[in-house]
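Heads up: the structure comes next, in structure tokens.
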Amino acid sequence: MRDLAIRSSYNPILSPVDLQASSEDFIVTSVLNPGVFSFENKIWLLVRVCEVSAQEKDQIAIPVYNENGAINILSFHHSDPKLVVNDVRTISYDGEDYLTTISHLRLFYSEDGIHFYEADKSRHLFGAGKYESFGIEDCRVSQIEDKYYLTYTAVSENGVAVALQTTKNWKTFTKHGLILPPHNKDCTLFEEKINGKFYALHRPSSPEIGGNYLWLATSIDGIHWGNHQCIAKTRKGKFDSSRLGAGASPIKTPYGWLEIYHGADENNRYCLGAILLELSNPSKVIARSQHPIMEPLANYEREGFFGNVVFTNGHIVKDDEIIMYYGASDEHVCQASLSINRILKHLNVL
Ligand code: MAN
């Protein structure tokens, strides 16, 4: 493979066939984009599980939660002129947008980082309330002191937004609601305070003027965010020409905060790049990848539910090694190893 990632020979490490659907009426289509953390001497993944309801002939069935938390199935006929199928992930009907799948989050744990076992069903996290009726996705897990911050995408007819839950024991969770309103996603916290403040990366979208850029924000309490600054934009002709968004929490190196981010081009090809931010003032960009550090090259990254995608929002760092978990083709969870020094060399910092 001609990128900086050393893929595990066990890939994919989790696939839809490894999971049971959350109810008899559902089929698991994808397991992807895990948040990653260490807890009680184990490696944990908080994976996104996408499900569809059984499809009738010539119909497209869309599962959504109603206000009581039960699933409603919306059904549209394929020949209905009001139906527009955008791609395998989204449709619109009569001007309203929907997701084709509904996602929840599940915990898996491992001793060796390769073989994962599913935690008890009672610990699944499902969307709840009017801002999560289309499901919850792509959770970043950031540990600050003894608290874990779960920042994830909350999707509903009101838009795509960032919600926060916190926990110390992974059994009880405090919900903080939406911390960034629509349209926003890809939010991750720095795992230590800088000059007494919490910092986060996030990705608002401004469709008319502006675009899908990487932003930085600060907070006094980790819940209320302000001082928003745009720190990196899309670049014409490069792998991140259409959108970019943060991955997991930035990694502290002597040279700056190293962030592995995803960038997509006009063909929806998702690669990973790196950006280095100044330690005491992360709004200053020191260096940024000219070429991807990882591209969809393996078969399982090129073909699947939504092919040509490598997408990460979780890793464990051990000395120079980043043990990265990532979604491949929006269908499987995979693992790869990256060297911090090699990434810094690629950024011309070393
Ligand atoms: C968006 C999100 C991700 C997904 C990519 C690629 O960024 O929905 O969850 O992995 O698109 O489809």
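Within the range 47-73, residues that are under 28 Å from Gly35 (Cβ atoms) and open to solvent by 70 Å² or more (accessible area, probe 1.4 Å) have Cβ atoms under 9 Å from residues that are away from the ligand (no atom under 16 Å from the Cβ) and not in a strand (DSSP E or B) in these pairs: Glu67/Gly129; Glu67/Lys130; Glu67/Ser133, counting only partners at least 6 apart in sequence or on another chain. Would it be correct to say that Asn299 is over 17 Å from Tyr261 (Cα atoms), away from the ligand (no atom under 14 Å from the Cβ), open to solvent by 20 Å² or more (accessible area, probe 1.4 Å) and touching a residue at least 40 places away in the same chain (Cβ under 8 Å)? For Asn299, the condition - over 17 Å from Tyr261 (Cα atoms), away from the ligand (no atom under 14 Å from the Cβ), open to solvent by 20 Å² or more (accessible area, probe 1.4 Å) and touching a residue at least 40 places away in the same chain (Cβ under 8 Å) - is not met.
You will find that of Thr90, Thr29, the residue that is surrounded by 13 or more Cβ atoms within 10 Å (Cβ to Cβ), in contact with a helix residue (DSSP H, G or I) (Cβ under 8 Å, 6 or more places away or on another chain) and within 30 Å of Asn299 (Cβ to Cβ) is Thr29 and no other.
For Trp215, only one of the following conditions fails: (1) under 30 Å from Asp120 (Cα atoms); (2) open to solvent by 40 Å² or more (accessible area, probe 1.4 Å); (3) touching a His at 6+ places or on another chain (Cβ under 7 Å). What is its number? Only one criterion in (1) under 30 Å from Asp120 (Cα atoms); (2) open to solvent by 40 Å² or more (accessible area, probe 1.4 Å); (3) touching a His at 6+ places or on another chain (Cβ under 7 Å) is unmet by Trp215, namely (1).
Taking the criterion of being part of a loop (DSSP other than H, G, I, E, B) and buried (at least 22 other Cβ atoms within 10 Å of the Cβ), the only residue of the range 177-210 that qualifies is Phe190. The set of residues in the range 16-46 that are touching a residue at least 60 places away in the same chain (Cβ under 8 Å) and within 16 Å of the ligand (Cβ to nearest atom) comprises Pro16, Thr29, Ser30, Val31, Leu32, Asn33, Pro34, Gly35, Val36, Leu45, Leu46.
Checking each residue of the range 26-38 against the condition of being in contact with a Pro (Cβ under 9 Å, 6 or more places away or on another chain), part of a strand (DSSP E or B) and of a type in the set (Ser, Thr, Tyr) gives at least one match. For Val141, the stated conditions hold: it is more than 30 Å from Asn267 (Cβ to Cβ), within 16 Å of the ligand (Cβ to nearest atom) and touching a strand residue (DSSP E or B) at 6+ places or on another chain (Cβ under 7 Å).
The values are calculated or read from the model by the stated rules, or taken from the named source; none is laboratory data. It should be emphasised that the depicted structure is a prediction, and the values quoted were computed from it without experimental measurement. When we count neighbours, we look across all protein chains shown, and the Cβ atoms used for this are built from the backbone with ideal geometry, even at glycine. Accessible surface areas use protein heavy atoms only, side chains included; no ligands, DNA or RNA. Shrake-Rupley method; radii C 1.70, N 1.55, O 1.52, S 1.80 Å.
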